[in-house]
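Written out below as structure tokens is the structure these notes cover.
The values are calculated or read from the model by the stated rules, or taken from the named source; none is laboratory data. If you're wondering where the values come from, they're calculated on a predicted model, not measured in any experiment. When we count neighbours, we look across all protein chains shown, and the Cβ atoms used for this are built from the backbone with ideal geometry, even at glycine.
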Amino acid sequence: MSVDSKDWVARAKQATRELATEELVDLGIVPKGEPFVPVITYPAMGLMPSASAEEVLGPDPAVRQPVALYLHLPFCLTRCHFCHWVTRVGSTEEEVAGYLDGLDLEIRLYCEHLHLDRIRARSILVGGGTPSALSLGNLHKFLQILEKHVDTTECRQFSFEAEPSTLLGDLGAARLQVLLDHGVHRLSMGVQAFDDGLLRQTARPHTSAQALEAIARIREFGFQSVAIDLIYGLGGQTLQQWIDTMLTAVRSGADSWQLYRLRIAPHGDRPGTVLGHYRQDPSTYPGYDEGSVMKMLGNLISEEHGFHQDYTRIFSRDPSHVSGYLYDVNNDLADVIPAGISSWGSLERAYFLHVGDDFGKYRQMLAEGRLPIDRGLVLDEATAQRRALILALKNTKVDKRAYFERMGRWPQDLFGPTLDRMRGSGMVEEDEDFLRLTARGRFFADEVVMQFFEPRFVPPRKLA
Ligand SMILES: C[S@@+](CC[C@H](N)C(=O)[O-])C[C@H]1O[C@@H](n2cnc3c(N)ncnc32)[C@H](O)[C@@H]1O
Ligand code: SF4
């Protein structure tokens with residue numbers, strides 16, 4: 001390990017020690033030694049009960065426009081070993097085109113249910129899967145479907161997910177031009193590691209040099225923003241490799257990065273590759289303490305190079321590069337209209353999930369003219385109040401007056417004892433206007449906000 005890297009590690013270890021993890025374990029806030037479970041939303045998707053569209057949406061659902069719009073394109077060039085998103089590899093041109101026809105029908109069904117001519121979007125996220133892997137013909141088809149159904153006049157940010165190899169060569173340039181011409185502002189690209197060994201080992205379809213080339217290209221084309229995803233805690237990943245990845249990210253030209261801690265979880269009903277590997281040899285995976293040091297290294301290296309954490313685990317040159325979709329969903333609690341298999345939506349109190357990983361059932365429901373919703377809940381008032389606090393506190397900050405106006409109660413009146421405990425252990429701070437996580441609280445953001453969960457919605461901490 002180089003002298004510089006040793007210095008980073010020493011500082012990260014010291015900073016991690018200063019967070020006094022052991023004390024937090026004793027207080028029952030940090031569950032050391034158990035699998036890491038991120039808080040993506042509340043209640044967690046995995047805990048949604050079965051429900052039909054009629055049960056969740058009711059006879060005449062209302063929508064607050066403009067909405068956050070999510071579209072899921074479940075096609076990839078390879079299946080990365082760590083990934084548990086719903087996606088397919090090896091689909092033909094016709095199969096993808098058929099899926100897009102389904103999306104077209106699905107958005108039309110949402111418009112009919114919600115009495116809309118067109119959806120007014122405040123932010124758009126096209127995710128997957130790898131949306132940038134679409135052929136040029138299918139990319140045009142997809143963007144035309146979007147233009148037909150979506151009014152983007154008020155859209156502050158249109159984000160599109162990409163994988164580096166799909167943006168290279170003539171085909172990559174043509175894709176980038178089409179995306180630029182159709183108003184995409186921000187490309188969000190999975191890079192995972194600037195390390196060819198780890199990329200090969202996890203079955204990524206690109207090299208580290210190709211990821212850098214793709215970032216440079218996105219810049220040359222003049223997109224407003226380029227974001228990258230990086231993962232720490234991969235099997236066999238060393239501290240040195242993670243430091244090198246972070247220092248390369250700093251020089252890469254990316255405007256922001258989202259740092260993911262590897263989640264070792266089953267893939268749908270199957271164990272999936274990462275869980276299989278882990279079970280064979282758990283010792284190759286960084287443990288809790290090493291994972292914490294990796295997280296701290298990501299924080300320190302980002303902050304010291306001018307990339308700030310305005311949104312938990314996303315580091316950016318300035319807040320305009322953070323995903324507008326995530327901000328709308330988690331901070332502003334905007335209504336979310338979803339389209340595509342495995343996506344989720346929320347319309348005020350209705351909170352629902354589309355069919356996951358069963359393409360036959362998804363197609364069948366659409367063919368019958370039904371929205372592909374098969375799980376969901378109508379949130380009662382208390383759950384909606386928890387959700388509003390948990391999502392804003394975890395990701396940004398709670399605007400106390402806005403909370404009162406939306407929820408009819410002040411956070412302190414609803415969650416006084418838990419807030420007092422979190423303030424007492426240095427996790428949460430407050431001024432006249434806002435409640436927010438301290439630096440210590442942000443490091444344990446998932447664990448802190450889980451303290452506000454209702455017991456029935458605490459996710460099980462097990463691997464399978
Ligand atoms: C839909 S993908 C991003 C775009 C594109 N599919 C790609 O991978 O290049 C979303 C991100 O989820 C993250 N991710 C996937 N599986 C994960 C896991 N097991 N643990 C943590 N993060 C994961 C990866 O960083 C990935 O880039
Ligand atoms: S990480 Fe991205 S490219 Fe890899 S399988 Fe998952 S969605 Fe596809």
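So which residues in segment 100-149 are part of a helix (DSSP H, G or I), closer than 21 Å to Ala68 by Cβ and basic (Lys, Arg), if there are any at all?
Hits for segment 100-149 are Arg108, Lys148.
Determine whether Gln224 is farther than 12 Å from Asp195 by Cα, within 15 Å of ligand 2 (Cβ to nearest atom) and either of a type in the set (Gly, Ala, Ser) or modelled with pLDDT of 95 or more (or both).
When the stated conditions are applied, Gln224 does not pass them.
Would you mention how many residues in segment 387-412 are assigned to a helix (DSSP H, G or I), polar (S, T, N, Q) and under 20 Å from the mean Cα position of the chain (by Cα)?
Adding up the residues that qualify gives 1.
Residues being within 16 Å of ligand 1 (Cβ to nearest atom), aliphatic (A, V, I, L, M) and surrounded by fewer than 19 Cβ atoms within 10 Å (Cβ to Cβ): count how many of those fall in segment 87-103.
Within segment 87-103, residues that are within 16 Å of ligand 1 (Cβ to nearest atom), aliphatic (A, V, I, L, M) and surrounded by fewer than 19 Cβ atoms within 10 Å (Cβ to Cβ) number 1.
Would you pick out the residues in segment 84-99 that are within 16 Å of ligand 2 (Cβ to nearest atom), assigned to a loop (DSSP other than H, G, I, E, B) and either polar (S, T, N, Q) or over 21 Å from Pro338 (Cα atoms) (or both)?
Thr87, Gly90, Ser91
Scan segment 238-256 and give yes if some residue there is among the aromatic types (Phe, Trp, Tyr), touching a Gly at 6+ places or on another chain (Cβ under 8 Å) and either touching a residue at least 12 places away in the same chain (Cβ under 8 Å) or crowded, with 18+ Cβ neighbours inside 10 Å (or both), otherwise no.
yes
Looking for whichever is touching a strand residue (DSSP E or B) at 6+ places or on another chain (Cβ under 9 Å) and surrounded by fewer than 23 Cβ atoms within 10 Å (Cβ to Cβ) here; the options are Gly356, Gly369. Which one fits?
Answer to the selection: Gly356.
Restricting the search to segment 413-448, which residues are within 27 Å of the chain's Cα centre (by Cα), touching a residue at least 40 places away in the same chain (Cβ under 8 Å) and not in a helix (DSSP H, G or I)?
The answer is Met427, Leu435, Arg436, Leu437, Phe444.
Across segment 120-137, which residue is farthest from Gln210 (Cα to Cα) among those that are surrounded by fewer than 24 Cβ atoms within 10 Å (Cβ to Cβ) and more than 16 Å from ligand 1 (Cβ to nearest atom)?
So, considering only residues that are surrounded by fewer than 24 Cβ atoms within 10 Å (Cβ to Cβ) and more than 16 Å from ligand 1 (Cβ to nearest atom), the one farthest from Gln210 (Cα to Cα) is Arg120.
Please tell me if Arg436 is closer than 30 Å to Ala53 by Cα and of a type in the set (D, E, K, R).
Considered against the rule, which asks whether it is closer than 30 Å to Ala53 by Cα and of a type in the set (D, E, K, R), Arg436 comes out as no.
Have a look at Arg118, Arg175, Arg108 and point out the one that is charged (D, E, K, R), out of contact with any Gly (no Cβ under 8 Å at 6 or more places or on another chain), within 16 Å of ligand 2 (Cβ to nearest atom) and at pLDDT 95 or above.
Within the list Arg118, Arg175, Arg108, the selection yields Arg175.
Among the residues in segment 268-283, are any under 16 Å from the mean Cα position of the chain (by Cα), closer than 19 Å to Cys83 by Cβ and either at pLDDT below 95 or surrounded by fewer than 20 Cβ atoms within 10 Å (Cβ to Cβ) (or both)?
Scanning segment 268-283 turns up no residue that is under 16 Å from the mean Cα position of the chain (by Cα), closer than 19 Å to Cys83 by Cβ and either at pLDDT below 95 or surrounded by fewer than 20 Cβ atoms within 10 Å (Cβ to Cβ) (or both).
Using the structure shown, decide if Val378 is within 19 Å of the chain's Cα centre (by Cα), within 25 Å of Ala121 (Cα to Cα) and of a type in the set (Val, Ile, Thr).
Answer is no for this residue.
Check Glu106, Glu55 and return the single one that is closer than 30 Å to Pro460 by Cβ, surrounded by 15 or more Cβ atoms within 10 Å (Cβ to Cβ) and acidic (Asp, Glu).
Of the residues listed, the single one that is closer than 30 Å to Pro460 by Cβ, surrounded by 15 or more Cβ atoms within 10 Å (Cβ to Cβ) and acidic (Asp, Glu) is Glu55.
Which one is nearest to Arg64 (Cα to Cα) among residues in segment 151-199 that are among the β-branched types (Val, Ile, Thr) and in a helix (DSSP H, G or I)?
Applying the filter and picking the extreme gives Val178.
Scan segment 168-194 residue by residue and report those that are within 12 Å of ligand 1 (Cβ to nearest atom) and over 17 Å from Gly128 (Cα atoms).
Ala193
From Glu54, Glu94, Glu18, Glu34, grab the single residue that is in contact (Cβ under 8 Å) with a residue 60 or more places away in the chain and not small (Gly, Ala, Ser).
It is Glu34.
Please go through segment 195-229 and give me each residue that is touching a residue at least 40 places away in the same chain (Cβ under 8 Å), within 12 Å of ligand 1 (Cβ to nearest atom) and out of contact with any helix residue (DSSP H, G or I) (no Cβ under 6 Å at 6 or more places or on another chain), ordered by number.
Within segment 195-229, Thr202, Ala203, Arg204, Ala227, Ile228, Asp229 qualify.
Please pick out the residue among Arg263, Arg204 that is at pLDDT below 95 and not in a helix (DSSP H, G or I).
Arg263
Scanning for something within 16 Å of ligand 1 (Cβ to nearest atom) and in contact with a strand residue (DSSP E or B) (Cβ under 8 Å, 6 or more places away or on another chain), does segment 145-154 turn up at least one residue?
no
Here is a list: Leu171, Leu199, Leu179. Which entry is surrounded by 23 or more Cβ atoms within 10 Å (Cβ to Cβ) and of a type in the set (A, V, I, L, M)?
On inspection, the qualifying residue turns out to be Leu179.
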